[in-house]
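For reference, the structure is listed below as structure tokens.
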Amino acid sequence: ATAWAATYGMFHWGPIAWSIYLVPALPMAYFLHVRKHKVLRISEAIRPVLGEKLARSWLGNIIDVLFIFGMLGGGATSLGILVPLVNEGVGELLGFTPNALSQVLVLLGTTALFAVSAWRGLKGGIEVLSDINMWLGLGLLLFILIMGPTVFILDTGLNSIGLMLSNIVRMATWTEPFGSLSGFEETGFHQSWTIFYWAWWLVFAPTVGLFIARISKGRRIKTMVAGSIFFGSMGCALFFMILGNYGLYLQLSGTLDVIQVMNEQSANAAFFAVLGELPFAWLVKLLVVVLLSIFTATTFDSIAYILSSAAEKKLDKEPARWHRLFWAFTLSLLPMSLLFLGGLQTLQTASIVSGLPLLVIAVLLMVSM
């Protein structure tokens with residue numbers, strides 16, 4: 001069970017997730033960069049399926065609107081996880097218990113950060129913040145690897161990669177068929193985790209896929225596919241291998257009861273409790289809060305950039321600044337209102353529901369390829 005626990009994170013955030021992202025990325029990149037269509041709309045990518053007349057009719061407009069709602073849903077899901085995590089970190093650093101007010105302040109702070117980035121554009125905003133984020137993230141992982149149980153982290157990580165590669169088909173198709181029968185325990189793991197993650201990736205597919213398409217000019221299709229799947233999967237795997245296995249070591253060695261902290265407080269509290277076991281814990285937590293804030297900003301900046309690009313009538317260069325700022329503030333107002341109406345559960349449920357129409361659109365995209 002321990003070996004599988006160290007493996008499933010890499011599986012859920014691995015090749016299947018990035019393959020789902022490529023479903024909208026490939027046809028959009030083809031029509032944008034090869035066919036030279038100056039619009040970043042999903043109706044253009046599925047024109048071979050719908051036909052010229054339907055793609056430019058009310059049906060094409062509805063598909064574009066549903067696609068935009070899917071992107072808004074993906075953004076709401078991000079906020080539903082990232083903002084409470086940043087809020088927990090700020091509370092740890094400043095010594096207060098996180099509450100609704102502090103959560104709103106964190107949301108406003110990250111909104112201001114990605115609004116500035118959106119104003120500066122792709123080169124001066126997203127690219128700069130992404131570079132800072134990458135180096136901060138790599139520095140954090142290297143610090144944990146050196147200061148933590150290095151041999152355990154590397155051994156467990158290598159074992160997890162081998163376990164995933166040799167069982168990836170079984171992991172992707174496991175449905176717990178005997179769970180409801182006598183003598184078997186029904187865990188619901190595949191529904192609560194694997195299927196949920198696939199639905200979540202589908203919600204994120206418009207945002208990540210169109211962003212991949214937008215930045216893939218001049219690249220060959222096989223380079224785009226291989227690069228996205230390999231580097232995307234490896235980037236996620238590094239975090240699970242190092243940070244995840246460090247937390248696993250603390251639990252197994254008895255240094256910190258991570259499960260108890262999670263059950264009695266929250267998963268966010270458990271995350272920062274794990275960081276608290278590192279040398280220079282306060283500085284590490286500060287670095288993580290900065291890292292998470294920039295990651296939130298780059299995520300929403302990318303979504304705002306793609307939303308404004310998709311809503312433009314003609315895409316010659318970058319979308320207008322006012323247009324990017326409009327979507328940046330819309331992205332923050334929507335989850336903030338849902339947060340007050342019903343909390344994070346409502347926020348995450350609304351985001352998944354908004355992604356349901358994308359199932360049909362995803363099928364059309366695959367056929368169009």
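Just so you know, all these numbers are worked out from the coordinates, no wet-lab data involved. The structure presented is a predicted model; accordingly, all values stated were derived computationally and were not measured. Cβ: placed from backbone, ideal geometry, glycine included. Neighbour counts: every protein chain shown.
Here are the numbers for this structure:
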quantity	calculated
Estimated inter-spin distance, Leu359 and Ile161, nm [label 7 Å along Cα→Cβ]	3.6 nm
Segments 65-72, 203-210, 292-299 sorted - mean Cβ within 10 Å per residue, highest first	203-210, 292-299, 65-72
Reachable aspartates and glutamates, given that their alpha-carbon falls under 13 Å from the alpha-carbon of Lys53 and they are not under 8 places away in the same chain	Glu44
Relative contact order, percent, the chain [alpha-carbon distance under 8 Å, six or more residues apart]	40 percent
Dipole of the stretch 2-368, positive end: most advanced residue of Met234, Leu72, Gly188 [Cβ charges, Cα centre]	Leu72
Highest to lowest packing among 95-102, 240-247, scored as the average C-beta count within 10 Å	240-247, 95-102
For the stretch 2-368, size of Cβ-based charge dipole, Lys and Arg +1, Asp and Glu -1, in debye	2000 debye
Whole-Hz couplings from phi, Karplus 6.51/-1.76/1.60, listed for the stretch 292-307; x for Gly and Pro	5, 5, 5, 4, 4, 5, 5, 4, 6, 4, 5, 5, 4, 5, 5, 4
Contour excess over end-to-end distance, with Cα ends at Asn99 and Val65 and 0.36 nm allotted per residue	8.8 nm
Per-pair calculated FRET efficiency, R0 = 41 Å: Ile168 and Arg35 via Cβ, rounded to 0.05	0.75
Between 0 and 90°, nearest 10: helix 2-12 axis offset from the chain longest Cα axis	20 degrees
The chain: most fluctuating residue of Lys217, Lys36, Lys285 per GNM, C-alpha cutoff 10 Å	Lys36
Neighbour-count ranking [beta-carbon atoms within 10 angstrom, fewest first] of Met369, Met164	Met369, Met164
Nearby aspartates and glutamates by direct alpha-carbon distance to Lys285 (threshold 12 angstrom, same-chain neighbours under 8 apart not counted)	Glu88, Glu92, Glu277
For the stretch 218-233, Karplus couplings with θ = phi - 60° (6.51, -1.76, 1.60), whole Hz, Gly/Pro x	x, 9, 7, 4, 5, 5, 5, 5, 5, x, 5, 5, 5, 5, x, 5
Of [x] -0.52; [y] -0.69; [z] -0.43, the label for log10 I(q)/I(0) by the Debye sum over Cα atoms at q = 0.08 Å⁻¹ derived from the coordinates	[z]
